[in-house]
Amino acid sequence: MSRKTIEAFRASVLKAYVTCPMMCRFRYVDGYIPEQRSSGLIRGSALHAAVHTIHRESLFKDSVDVLRQKWDEAVAEEPEVPISDEDKLEGQKADAEEIIQGYASKKYNRDADVVLSEARFTVDIGKHKFTGTIDQIRRKNGALQLLDFKSDLAVPEDSYLANDYQFSIYSYAMRHGEFIFDDDTKLILKEFPSDLFWYHLRHHLPYKKSGKWGKAGDERGDPFIPVNRTEADLARIEHEISQIVRGIKMGCFFKSPAKIGSCAGFCSYTGVCSGTVEPRKRESGAELADMTELVAT
């Protein structure tokens with residue numbers, strides 16, 4: 001009996017596993033095509049691509065045009081996966097246009113010293129290899145800042161940010177890993193970020209009406225949500241990450257009891273999981289790029 005296992009891990013793999021091990025298996029081990037995708041996912045993809053492009057090509061004045069192009073690309077990206085809430089696409093697109101316009105209007109973004117954008121990295125944590133992509137690294141007052149762009153509806157609780165593996169792995173990569181460019185050249189920073197931020201893009205979305213939270217036309221808040229990490233924190237996470245990786249490599253996949261009943265809110269494999277939908281398998285692509293065939297004993 002053969003199965004697939006993950007050879008190089010990403011932060012997204014660990015996040016999927018701690019959310020629901022079975023979801024992690026369907027996506028990253030079995031390579032199943034998602035049953036659906038949401039307009040929110042498309043919004044996030046388009047915004048990430050637009051932010052990267054306006055910095056790389058200095059297109060701040062054309063930010064909305066860039067967003068519209070990236071939106072069309074995101075919608076067309078996976079034609080085999082239906083959009084679950086297609087009726088919300090236009091509203092999400094309008095919000096994204098306002099968000100990118102607000103982002104581009106800020107002097108602190110236009111004048112930012114962006115060291116790396118959409119930066120691919122590889123790093124060894126303990127005995128395990130990790131790969132990933134950091135949204136943006138800036139240099140301010142001589143020190144490096146790590147920014148992770150998010151378009152979620154709400155800012156997470158401090159307890160979530162304190163335990164999020166993504167920020168820990170990204171910080172570890174800046175200190176101990178190497179960054180790889182399209183021409184295969186590499187950069188080693190060997191520098192721990194002085195500041196880490198969950199950059200909440202939706203805070204650039206202006207209020208439509210005046211209320212207790214603010215006046216019509218005002219943005220919703222400071223997008224820079226600080227995340228606390230120290231180098232001592234990174235030393236502790238090596239053990240935690242090793243435990244999760246061990247579970248994945250041992251094939252320890254199960255349905256998360258805490259999530260059963262609310263799966264539709266975050267999982268794109270509910271039909272496969274319940275046995276009501278026949279899984280469709282990816283033949284190749286990014287989701288399977290980090291996998292290798294093994295024979296189960």
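The values are calculated or read from the model by the stated rules, or taken from the named source; none is laboratory data. Please read these numbers as outputs of a predicted model, since none were measured by experiment. Neighbour counts are summed over all protein chains in view; Cβ atoms, including those assigned to glycine, are modelled from backbone coordinates with ideal geometry.
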Completion exercise
Out of (1) closer than 28 Å to Ser194 by Cα; (2) surrounded by fewer than 20 Cβ atoms within 10 Å (Cβ to Cβ), the one Arg138 does not meet is (2)
Practice task
Of the numbered conditions (1) surrounded by fewer than 21 Cβ atoms within 10 Å (Cβ to Cβ); (2) modelled with pLDDT of 95 or more, Asp182 fails exactly one; give the number of that condition.
Solution key: (2)
Practice task
Starting from residues that are among the acidic types (Asp, Glu) and at pLDDT 95 or above, keep the ones in region 103-135 and report whichever is nearest to Leu196 (Cα to Cα).
Solution key: Asp135
Practice task
Among the residues of region 187-237, count how many are part of a helix (DSSP H, G or I), within 21 Å of Val51 (Cβ to Cβ) and of a type in the set (Asp, Glu).
Solution key: 0
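For region 67-78, indicate whether the set of residues that are at pLDDT below 95, within 19 Å of the chain's Cα centre (by Cα), assigned to a loop (DSSP other than H, G, I, E, B) and surrounded by fewer than 17 Cβ atoms within 10 Å (Cβ to Cβ) is non-empty.
Filtering region 67-78 down to residues at pLDDT below 95 leaves 77-78.
If we keep only those that are within 19 Å of the chain's Cα centre (by Cα) as well, we get 77-78.
Filter once more, so that each one left must be assigned to a loop (DSSP other than H, G, I, E, B): 77-78.
Narrowing further to those that are surrounded by fewer than 17 Cβ atoms within 10 Å (Cβ to Cβ): 77-78.
Looking through region 67-78, at least one residue is at pLDDT below 95, within 19 Å of the chain's Cα centre (by Cα), assigned to a loop (DSSP other than H, G, I, E, B) and surrounded by fewer than 17 Cβ atoms within 10 Å (Cβ to Cβ).
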Exercise for the section: Test Val75 against the criterion of being farther than 21 Å from His203 by Cβ and not assigned by TED's automatic domain parsing to the domain that holds His200, and give yes or no. Expected result: yes
Practice task
Within region 21-43, identify whether any single residue is among the aliphatic types (A, V, I, L, M), under 16 Å from the mean Cα position of the chain (by Cα) and farther than 21 Å from Glu80 by Cβ, and answer yes or no.
Solution key: no
